[in-house]
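Here is the structure we will look at, set down as structure tokens.
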Amino acid sequence: MLKKVLLGIIAVFALIQLIPSEKNISDQKDPELFTLYPTSNTVKNILRTSCYDCHSNNTEYPWYSKIQPVKFWLADHIEEGKEHFNIYEFQNYRPWKQFHKIEECLDEIKEGEMPLESYTYIHTDAILTELQKHEFDLWAHGVLDSMKRQYPADSLISPRKRKELKEKKD
Ligand code: HEC
């Protein structure tokens, strides 16, 4: 009985290895965000080392990523991460969304929510030091300030927030 169960598990494990999954890799090296706003090498490296794997079009796949169900699990993280924020798509977001995403990055990093804890168990180099967090903070505030100078104030408010404000006024 136990032997059968074990064989069954091994068979399932072997079979799921055959499921193909698309890799998150593109030719583009760095995002336009870096040319839109002055970005120091320190901040570029923070984003490259700690965020790209889940929030860009380029994931560096470790050897174990070839093994299912790890492959599924990673693909799921990448898909979800990119859906929330893709650094490579930044320039295509509406101004309010760009503004909001930078604000969210600030919050996520400050609260230690990003990079995801499950990721930093293995990618210990992705853990941000206090100094790195500070550098990121300065850069992100610089981007926000520069956006405020560039865009009319109400274009930096999300449509939902704008509606709420309008309802309050009425
Ligand atoms: C291992 C994958 C992974 C890494 C690495 C990672 N993230 Fe995320 N990130 C996610 C996932 C998954 C979500 C969506 C679910 C959630 O909020 O937990 C997310 C959500 C976000 C959001 C959106 C939050 C929201 O409320 O919609 C921001 C902003 C963000 N991450 C920024 C970053 C930054 C900045 C870094 C690097 C310092 C980073 N992430 C590193 C996986 C990752």
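Under the simplified labelling scheme, the Ile19-Asp137 pair shows an inter-label distance of 4.2 nm, with each label point 7 Å from Cα along Cα→Cβ. Of all stretches in the chain that contain no GluC sites (Glu not before Pro) in a DSSP loop with at most 15 other Cβ atoms within 10 Å, the longest one is 114-170.
Put in order of Cβ neighbour count within 10 Å, fewest first, the listed residues Asp170, Asp125 become Asp170, Asp125. A simple rule links phi to the HN-Hα coupling: the Karplus curve 6.51 cos²θ - 1.76 cosθ + 1.60 with θ = phi - 60°, which for segment 101-107 gives 5, 5, 4, 5, 4, 4, 4 Hz, with x for Gly and Pro.
Tell me, Leu138, Leu116, Leu47 in order of fewest to most beta-carbon neighbours within 10 Å? Don't skip to the end; give the middle numbers.
Numbers: Leu138 12, Leu116 15, Leu47 20.
Least to most surrounded, the residues fall as Leu138, Leu116, Leu47.
Pairs Lys97/Lys168; Lys110/Lys169; Lys29/Lys161: which are spaced more than 27 Å apart, C-alpha to C-alpha?
Values: Lys97/Lys168 22 Å; Lys110/Lys169 33 Å; Lys29/Lys161 35 Å.
Distance filter (> 27 Å) returns Lys110/Lys169; Lys29/Lys161.
Eigen-decomposition of the gyration tensor built on the alpha-carbon atoms of segment 30-169 gives equivalent ellipsoid semi-axes of 29, 18, 14 angstrom, largest listed first. The GNM of the chain, with springs linking C-alpha atoms under 10 angstrom apart, assigns the highest mean-square fluctuation among Trp63, Trp139, Trp96 to Trp63.
Here, each number is a calculation from the coordinates, and none is a lab measurement. Keep in mind the model is a prediction, meaning the values are calculated, not measured. Don't worry about glycine lacking a Cβ; one is built from the backbone with ideal geometry, like all the others, and counts go over all protein chains shown.
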